[in-house]
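Throughout, read-outs are computed from the coordinates displayed, never taken from laboratory work. All values derive from a computational prediction rather than experimental measurement. Heads up, the Cβs are rebuilt from the backbone with ideal geometry, glycines too, and the neighbour counts pull from every protein chain shown.
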Amino acid sequence: GEQVEQLPSILRVQERSSASINCTYENSASNYFPWYKQEPGENPKLIIDIRSNMERKQIQGLIVLLDKKAKRFSLHITDTQPADSAMYFCAASGTGANTGKLTFGHGTILRVHP
Amino acid sequence: DPKIIQKPKYLVAVTGSEKILICEQYLGHNAMYWYRQSAKKPLEFMFSYSYQKLMDNQTASSRFQPQSSKKNHLDLQITALKPDDSATYFCASSQGGLVDTQYFGPGTRLLVL
């Protein structure tokens with residue numbers, strides 16, 4: 001199976017600063033790493049993902065880094081805004097069985113203060 | 001227009017009863033999933049289906065049974081409901097392969113009294 005650890009559980013930052021969330025995984029066969037944002041009462045929404053053939057991906061102010069050797073991946077939000085306040089989940093998928101199972105971290109509550 | 005429909009949005013049930021959670025996707029996807037989210041646990045994978053075939057079942061109990069009558073439908077039947085089953089149940093889908101991006105439906109919030 002797979003286990004994903006996510007830290008920190010709560011992150012408070014000032015507006016316009018950057019925020020970083022880190023995740024580690026156990027199964028070296030995992031090859032797909034999405035990040036989801038979830039607002040209260042809403043469904044998780046994909047914000048960015050990375051596959052194991054890449055080390056870095058950026059979409060506007062979101063950057064994800066993947067270190068396969070260390071089995072670690074991270075999300076960096078640059079120039080944060082209060083609208084970025086939400087729960088963020090990392091996940092890993094694509095083990096040998098390829099069943100589509102996404103294993104999620106426990107989530108990070110991000111609070112961006114004006 | 002919502003592309004993944006889950007019905008009902010809210011559901012209250014009594015212990016021991018049976019309920020069916022409905023999921024339909026209009027994205028043309030071939031793979032569908034069920035996840036559960038509760039205060040105690042993060043998003044937790046339950047089932048995956050690809051081309052209407054069960055690919056993975058990670059639920060410990062046979063009380064949870066997925067039902068796929070059409071390619072774009074994956075319902076979840078829960079029998080002998082327990083208070084611990086109270087959670088939000090999310091249906092998700094992906095385009096083709098099982099390592100494709102998964103999109104989540106709006107969820108069904110189940111409360112078992």
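Considering the stretch A:80-108 alone, what residues qualify as being part of a strand (DSSP E or B), closer than 21 Å to B:Ser94 by Cα and not hydroxyl-bearing (Ser, Thr, Tyr)?
As a first pass, look at the stretch A:80-108 and keep what is part of a strand (DSSP E or B): A:86-93, A:103-104, A:108.
Then drop every residue that is not closer than 21 Å to B:Ser94 by Cα, which leaves A:88-93, A:103-104.
Hits for the stretch A:80-108 are A:Phe89, A:Cys90, A:Ala91, A:Ala92, A:Phe104.
Looking only at the stretch A:69-79, decide whether some residue is under 16 Å from B:Phe104 (Cβ atoms), part of a strand (DSSP E or B) and in contact (Cβ under 8 Å) with a residue 40 or more places away in the chain. Within the stretch A:69-79, none of the residues are under 16 Å from B:Phe104 (Cβ atoms), part of a strand (DSSP E or B) and in contact (Cβ under 8 Å) with a residue 40 or more places away in the chain. Count of the stretch A:40-56 residues, restricted to those that are within 15 Å of the chain's Cα centre (by Cα) and of a type outside the set (A, V, I, L, M, F, W, C), is 7. Does B:Ser62 satisfy the criteria of being more than 9 Å from chain A (Cβ to nearest Cβ), closer than 20 Å to B:Lys19 by Cα and surrounded by fewer than 17 Cβ atoms within 10 Å (Cβ to Cβ)? Yes.
Of all residues in the stretch B:58-91, those that are under 12 Å from the mean Cα position of the chain (by Cα) and not hydroxyl-bearing (Ser, Thr, Tyr) total 13.
Can you work out which of the residues in the stretch B:44-58 that are more than 8 Å from chain A (Cβ to nearest Cβ) and hydroxyl-bearing (Ser, Thr, Tyr) is surrounded by the fewest Cβ atoms within 10 Å (Cβ to Cβ)? It would help to see each step written out before you state the result.
First, pick out the residues of the stretch B:44-58 that are more than 8 Å from chain A (Cβ to nearest Cβ): B:46-47, B:49, B:51-54, B:57.
Now restrict to residues that are hydroxyl-bearing (Ser, Thr, Tyr): B:49, B:51.
Values: B:Tyr49: 24, B:Tyr51: 11.
Filtering the stretch B:44-58 for residues that are more than 8 Å from chain A (Cβ to nearest Cβ) and hydroxyl-bearing (Ser, Thr, Tyr), the one surrounded by the fewest Cβ atoms within 10 Å (Cβ to Cβ) comes out as B:Tyr51.
Report the residue count in the stretch B:76-113 for those that are more than 14 Å from chain A (Cβ to nearest Cβ), out of contact with any Asp or Glu (no Cβ under 9 Å at 6 or more places or on another chain) and farther than 30 Å from A:Asn31 by Cβ. Please lay out each step first, then the result.
Step one: of the stretch B:76-113, the residues more than 14 Å from chain A (Cβ to nearest Cβ) are B:76-86, B:110-113.
Keeping just the survivors that are out of contact with any Asp or Glu (no Cβ under 9 Å at 6 or more places or on another chain) gives B:76, B:82-86, B:111, B:113.
Restricting the remaining residues to those that are farther than 30 Å from A:Asn31 by Cβ gives B:82-86, B:111, B:113.
Of the residues in the stretch B:76-113, 7 are more than 14 Å from chain A (Cβ to nearest Cβ), out of contact with any Asp or Glu (no Cβ under 9 Å at 6 or more places or on another chain) and farther than 30 Å from A:Asn31 by Cβ.
You will find that of A:Ile48, A:Ile63, A:Ile21, the residue that is within 14 Å of chain B (Cβ to nearest Cβ), more than 18 Å from B:Asp100 (Cα to Cα) and among the hydrophobic types (A, V, I, L, M, F, W, C) is A:Ile21 and no other.
For the stretch A:1-43, which fully contained strands (runs of 3 or more DSSP E) count at least 3 residues that are closer than 19 Å to A:Phe73 by Cα? First the steps, then the outcome.
Details: elements: A:4-7, A:10-14, A:19-25, A:32-38.
Hits in the stretch A:1-43: A:4-7, A:19-25, A:32-38.
Taking the stretch B:33-43 as the search range and keeping residues that are facing another protein chain (nearest Cβ under 9 Å) and within 11 Å of the chain's Cα centre (by Cα), which one is surrounded by the fewest Cβ atoms within 10 Å (Cβ to Cβ)? If we take residues in the stretch B:33-43 being facing another protein chain (nearest Cβ under 9 Å) and within 11 Å of the chain's Cα centre (by Cα), then B:Gln37 is surrounded by the fewest Cβ atoms within 10 Å (Cβ to Cβ).
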